[in-house]
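The structure appears right after this line, and notes come after that.
The values are calculated or read from the model by the stated rules, or taken from the named source; none is laboratory data. Remember, it's a predicted structure, so these values are computed and weren't measured experimentally. Methodologically, a virtual Cβ is constructed for each residue, glycine included, from the backbone with ideal geometry; neighbour enumeration extends over all protein chains shown.
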């Protein structure tokens, strides 16, 4: 076995003794396969972000053993779950050890009486729901990357669910989890009491603190999750609009309709519709007069969905929407997960078909600010496209965060011809991301509603968004991870140690 030169041989031997040689991977293939995420990065710089080795533990105790060894030798540790993240949370910026949790994918308990399950952090939602189906239960955490993102990664990013307006998002659905701190200490984090308690007023609410940290505070290894009855019925109508403004008004009316089974509403602008028209693998093409789309989704028992659906149909029709029919509606909603893997269908302005990668910048934006934010974001990407032909604007969508529709996950998708990125175009892209984040903050939003904000560009605005609270983040990081071994370089947290 060989090891990267920045790691002493003693680390390798201690890891092999602790978890076995079969769980310590040092080959070039194993290391390169675990340093990439979907977000584009210049190909000629890939080698900058390769770990020294990879470990694939099978238990919480093995994870803790690895972390204790790393902490003793001051070796960086990067947790990796599904690797589907879009802000480089699983990318090793300082080499070191990647801890891949995919082997920790067992279902430990299904409690049908209390409607909970306890699982390893390495299981994904698709496989989990296949196990739950015979019990008539559902774990409704539903990201675009549903078939391949893992429970542990959802905890590390405090992920967003496409049907969160009905069931809640990851932060609401995870009752508690086992967590390995940067020192190797094992703790359980929840809302107090036992692992299946959903609300407590005892002590600090530490569960939320240790979610969404992008692997900078430790590693989740096991989780107890909230389950729901598998819905009897689903409704996902799509409506066409001749312009963005009328669709924008209609999506608020749908969110404010008071339908109990309402699971979410999404608004597509004209740039997004144009992109989806040419994405023939994940979308049924629309008539040319369609300039914006609204979709609403409802889940629940058949009687309630039927009644709520009638109300939603009437409200959006009265707002000027034209129902696109069952085929388009059912087909498009069914493709919501396929779109996570459709980057190759983008085109640059010349019409040339190229193998484009996909990146998105997401923010939490209030409904009232959506129109102006949308225009400013498109102007930023238009400027980028004028200068560099490897970028393409794939449009904006906005998704309700809750049944009230107070704020929306607002995402601009950008096609990037990754193989053509050089240092100049990469620097321009980083500046564009910083500008996009600045707009979100200026209009009272958050830089990220779901993906996190630890990539080059948008991360620079994190202290601006959080203000003095960012200093508290630094204090927490320094207290929990005194040697800065856990995913160092992310979220500007090196400032906790007097470095930049």
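Flag: residue 91 does not match the condition of being surrounded by 21 or more Cβ atoms within 10 Å (Cβ to Cβ), under 22 Å from the mean Cα position of the chain (by Cα) and over 28 Å from residue 411 (Cβ atoms).
When residues in segment 15-33 are screened for being surrounded by fewer than 18 Cβ atoms within 10 Å (Cβ to Cβ) and assigned to a helix (DSSP H, G or I), 9 of them pass. What do you reckon, is residue 375 farther than 23 Å from residue 212 by Cβ, touching a helix residue (DSSP H, G or I) at 6+ places or on another chain (Cβ under 7 Å) and at pLDDT 95 or above? Taking the combined requirement at face value, the residue does not satisfy it. For residue 270, indicate whether it is farther than 26 Å from residue 369 by Cα and in contact with a helix residue (DSSP H, G or I) (Cβ under 9 Å, 6 or more places away or on another chain). So residue 270 fails the test. Within segment 308-330, the residues that satisfy the criterion of being in a helix (DSSP H, G or I) and touching a helix residue (DSSP H, G or I) at 6+ places or on another chain (Cβ under 8 Å) are 312, 315, 316.
Suppose the filter is outside any loop (DSSP other than H, G, I, E, B) and outside the structural domain of residue 255 (by TED's automatic domain parsing); does residue 204 pass it? No. Counting only helices (runs of 4 or more DSSP H) wholly contained in segment 385-500, the ones carrying 2 or more residues that are touching a residue at least 60 places away in the same chain (Cβ under 8 Å) and not assigned by TED's automatic domain parsing to the domain that holds residue 250 occupy 469-480.
Counting only helices (runs of 4 or more DSSP H) that sit completely within segment 128-181, those holding 2 or more residues that are touching a helix residue (DSSP H, G or I) at 6+ places or on another chain (Cβ under 7 Å) correspond to 151-157, 170-173. Counting the residues of segment 96-113 that are under 30 Å from residue 447 (Cα atoms) and either assigned to a helix (DSSP H, G or I) or under 23 Å from the mean Cα position of the chain (by Cα) (or both) gives 6.
Residues in segment 48-65 that are in contact (Cβ under 8 Å) with a residue 60 or more places away in the chain and in contact with a strand residue (DSSP E or B) (Cβ under 7 Å, 6 or more places away or on another chain): 3 in all.
The rows are residues; the columns are (1) in contact with a strand residue (DSSP E or B) (Cβ under 6 Å, 6 or more places away or on another chain); (2) surrounded by fewer than 18 Cβ atoms within 10 Å (Cβ to Cβ); (3) without any contact (Cβ under 8 Å) to a residue 60 or more places away in the chain.
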position	(1), (2), (3)
114	no, yes, no
127	no, yes, yes
130	no, yes, yes
138	yes, no, no
142	no, no, yes
168	no, yes, yes
180	yes, no, no
188	yes, yes, yes
193	no, yes, yes
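Being touching a residue at least 12 places away in the same chain (Cβ under 8 Å) and touching a strand residue (DSSP E or B) at 6+ places or on another chain (Cβ under 8 Å) is a property that residue 249 lacks.
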